[in-house]
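Inspection log for the structure reproduced underneath, given as structure tokens.
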Amino acid sequence: MSGFAGFVTRRLLATVVTLLAVSVIVYVVFYVTPGDVAQITCGPRCSPEQVRQVAGQLHLDDPLYVRYWHFLQGLVAGQDYSTGTSVAHCPAPCLGLSYQSDQQVTDLILTKLPVSLSLVLGAMVLWLILGVGTGVLSAWRRGRLSERVLTAITLAGTATPVFVIGLVLMIVVCGELELLPFPQYVAFTDDPEQWAWNLLLPWLSLALIEAAAFARLTRAAMLETLAEDHIRTFRAYGVSERAVIGRHALRGALAPVIALNANNVGSAVGGAVLTETLFGLPGIGQELVHAVRVVDLPVVVGMVLVIGFFVVLANAVADVLYAVADRRVVLV
């Protein structure tokens, strides 16, 4: 247990260092650019007075390391912003102010984040059930007709864009059959039942695309695991095929599935733009596209940092799950 606790501690420290590196990269990419950074940050509609005010807030006359320190200090301890006639405090983690809406970026993200998390986490449950289940069944029935049918379905799912699946589902399920209402986001705290019903189609649209990749990966990992010596030993000792597949082979094939799931969950928090746009869900991805369109740089930077945080966090959790799922992993 002490070895596992040390492993988790080292992964936490590595996660903190990685997040710090992400913040450096994001700051350099967006704030150390050719041209007038204050004008780019404030946006094209700002007056010269507003541009000078933004230049002071960004400490553009200071050296680069001092400017980054102020940026990092805002993330850790908060920051004060001048609004012209008064001073507003932005509590930690302070990601700045939107110069289009004068709203704190952190507050803006917190209003959009529950929508994206609801979409991604619900879809994740479905794509794991459908993808892993299909991959295991396909490997188990290798060489038979059912395996060929499942392979064809997964290839079709991989090649079909998410907006095509979403449109077909809306036309058939909502329009023709009238089984579900047209999606409209309802907060989980307001009505859990309506929250689930209204997100069911977006979940299915996103999950069907991702499940195809999980099915192919699971099938390949299962076939490789089933060919290993310890699986032959279990079969030689008379262990039932169902126990061999479900208890031993699947556990050994989970490592690549965990890795893929970590990458998908982390990136989908801000990357499910098509799904959010198609179903009118006001999530992180849709807000990021809007911020890029109106050149609202503080919002863009804040969104990218949040997406990077979830990618790093998901991969850190995946590292820990590796050790739990596969005892062959060396805890270093």
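The values are calculated or read from the model by the stated rules, or taken from the named source; none is laboratory data. All values reported here derive from a predicted model rather than from experimental measurement. Please note: Cβ atoms are built from the backbone with ideal geometry, for glycine as well, and neighbour counts cover all protein chains shown. Side chains included, ligands, DNA and RNA excluded: accessible areas come from the protein's heavy atoms. Shrake-Rupley method; radii C 1.70, N 1.55, O 1.52, S 1.80 Å.
Within region 300-308, does at least one residue satisfy the condition of being in contact (Cβ under 8 Å) with a residue 24 or more places away in the chain, in contact with a Leu (Cβ under 6 Å, 6 or more places away or on another chain) and farther than 22 Å from T218 by Cα?
Initially, region 300-308 is screened for residues in contact (Cβ under 8 Å) with a residue 24 or more places away in the chain, giving 300-308.
In the following step, the residues that additionally are in contact with a Leu (Cβ under 6 Å, 6 or more places away or on another chain) were identified as 302-303.
Within this subset, residues satisfying the condition of being farther than 22 Å from T218 by Cα are 302-303.
Among the residues of region 300-308, at least one is in contact (Cβ under 8 Å) with a residue 24 or more places away in the chain, in contact with a Leu (Cβ under 6 Å, 6 or more places away or on another chain) and farther than 22 Å from T218 by Cα, which makes the answer yes.
If you check L217 against the conditions, is it open to solvent by 40 Å² or more (accessible area, probe 1.4 Å) and in contact with a Pro (Cβ under 6 Å, 6 or more places away or on another chain)?
Values: open to solvent by 40 Å² or more (accessible area, probe 1.4 Å): yes; in contact with a Pro (Cβ under 6 Å, 6 or more places away or on another chain): yes.
For L217, the condition - open to solvent by 40 Å² or more (accessible area, probe 1.4 Å) and in contact with a Pro (Cβ under 6 Å, 6 or more places away or on another chain) - is met.
Could you please let me know if L130 is open to solvent by 80 Å² or more (accessible area, probe 1.4 Å) and either modelled with pLDDT under 85 or among the aliphatic types (A, V, I, L, M) (or both)?
Details: open to solvent by 80 Å² or more (accessible area, probe 1.4 Å): no; either modelled with pLDDT under 85 or among the aliphatic types (A, V, I, L, M) (or both): yes.
When the stated conditions are applied, L130 does not pass them.
Working carefully through the options L150, L117, L137, L113, find the one that is free of Cβ contacts under 8 Å to residues at least 60 places away in the same chain and either exposed (fewer than 11 other Cβ atoms within 10 Å of the Cβ) or in a helix (DSSP H, G or I) (or both).
Details: L150 fails: free of Cβ contacts under 8 Å to residues at least 60 places away in the same chain; L117 fails: free of Cβ contacts under 8 Å to residues at least 60 places away in the same chain; L113 fails: free of Cβ contacts under 8 Å to residues at least 60 places away in the same chain.
Sole residue among the options that is free of Cβ contacts under 8 Å to residues at least 60 places away in the same chain and either exposed (fewer than 11 other Cβ atoms within 10 Å of the Cβ) or in a helix (DSSP H, G or I) (or both): L137.
Is there a residue in region 239-252 that is open to solvent by less than 60 Å² (accessible area, probe 1.4 Å), in contact with an Asp or Glu (Cβ under 9 Å, 6 or more places away or on another chain) and modelled with pLDDT under 90? Steps first, please.
Filtering region 239-252 for residues open to solvent by less than 60 Å² (accessible area, probe 1.4 Å) gives 239, 243-246, 248-250, 252.
After this cut, where a residue has to be in contact with an Asp or Glu (Cβ under 9 Å, 6 or more places away or on another chain) as well, the list is 249, 252.
From what's left, modelled with pLDDT under 90: 249, 252.
Yes, because at least one residue in region 239-252 is open to solvent by less than 60 Å² (accessible area, probe 1.4 Å), in contact with an Asp or Glu (Cβ under 9 Å, 6 or more places away or on another chain) and modelled with pLDDT under 90.
Tell me yes or no: at least one residue of region 91-106 is free of Cβ contacts under 8 Å to residues at least 40 places away in the same chain, over 18 Å from the mean Cα position of the chain (by Cα) and surrounded by 20 or more Cβ atoms within 10 Å (Cβ to Cβ).
Yes - at least one qualifying residue is present in region 91-106.
Consider V16 carefully, then state whether it is under 27 Å from the mean Cα position of the chain (by Cα), open to solvent by less than 40 Å² (accessible area, probe 1.4 Å) and modelled with pLDDT of 80 or more. I'd like the intermediate steps shown before the answer.
Numbers: under 27 Å from the mean Cα position of the chain (by Cα): yes; open to solvent by less than 40 Å² (accessible area, probe 1.4 Å): no; modelled with pLDDT of 80 or more: yes.
Against the criterion (under 27 Å from the mean Cα position of the chain (by Cα), open to solvent by less than 40 Å² (accessible area, probe 1.4 Å) and modelled with pLDDT of 80 or more), V16 does not qualify.
Take the residues of region 253-262 that are closer than 13 Å to N315 by Cα and open to solvent by less than 20 Å² (accessible area, probe 1.4 Å): which is farthest from the chain's Cα centre (by Cα)? Reasoning before the result, please.
Start the filter on region 253-262 by keeping residues that are closer than 13 Å to N315 by Cα, which leaves 255-262.
Going one step further and asking which of them are open to solvent by less than 20 Å² (accessible area, probe 1.4 Å), we end up with 257, 262.
Numbers: V257: 15, A262: 8 Å.
The selected residue is V257.
Taking only pairs six or more apart or across chains, which ones have beta-carbon atoms under 7 Å, a first residue in region 44-63 that is without any contact (Cβ under 8 Å) to a residue 40 or more places away in the chain, and a second residue that is β-branched (V, I, T)?
L58/V37; L58/T41; H59/V66; L60/V37
Given the structure, is V265 at pLDDT below 90, part of a helix (DSSP H, G or I), surrounded by fewer than 20 Cβ atoms within 10 Å (Cβ to Cβ) and touching a helix residue (DSSP H, G or I) at 6+ places or on another chain (Cβ under 9 Å)?
Values: at pLDDT below 90: yes; part of a helix (DSSP H, G or I): yes; surrounded by fewer than 20 Cβ atoms within 10 Å (Cβ to Cβ): no; touching a helix residue (DSSP H, G or I) at 6+ places or on another chain (Cβ under 9 Å): yes.
Answer is no for this residue.
For the subset of region 282-306 comprising residues that are touching a Ser or Thr at 6+ places or on another chain (Cβ under 7 Å) and farther than 23 Å from R45 by Cβ, which member is most open to solvent (accessible area, probe 1.4 Å)?
L305
Is it fair to say A221 is touching a residue at least 12 places away in the same chain (Cβ under 8 Å), closer than 30 Å to L110 by Cβ and assigned to a helix (DSSP H, G or I)?
Values: touching a residue at least 12 places away in the same chain (Cβ under 8 Å): yes; closer than 30 Å to L110 by Cβ: no; assigned to a helix (DSSP H, G or I): yes.
No, not satisfied.
Write out, first by first residue and then by second, each pair whose Cβ atoms fall under 8 Å of each other, whose residues are 6+ apart or on separate chains, and whose first residue, in region 173-193, is more than 14 Å from W203 (Cα to Cα) while the second is among the aliphatic types (A, V, I, L, M).
Every condition considered, the pairs that remain are C174/L180; C174/L201; L179/V173.
When residues of region 26-45 are filtered for being modelled with pLDDT of 75 or more and either farther than 22 Å from Y65 by Cα or surrounded by 12 or more Cβ atoms within 10 Å (Cβ to Cβ) (or both), how many remain?
Total satisfying the criteria: 5.
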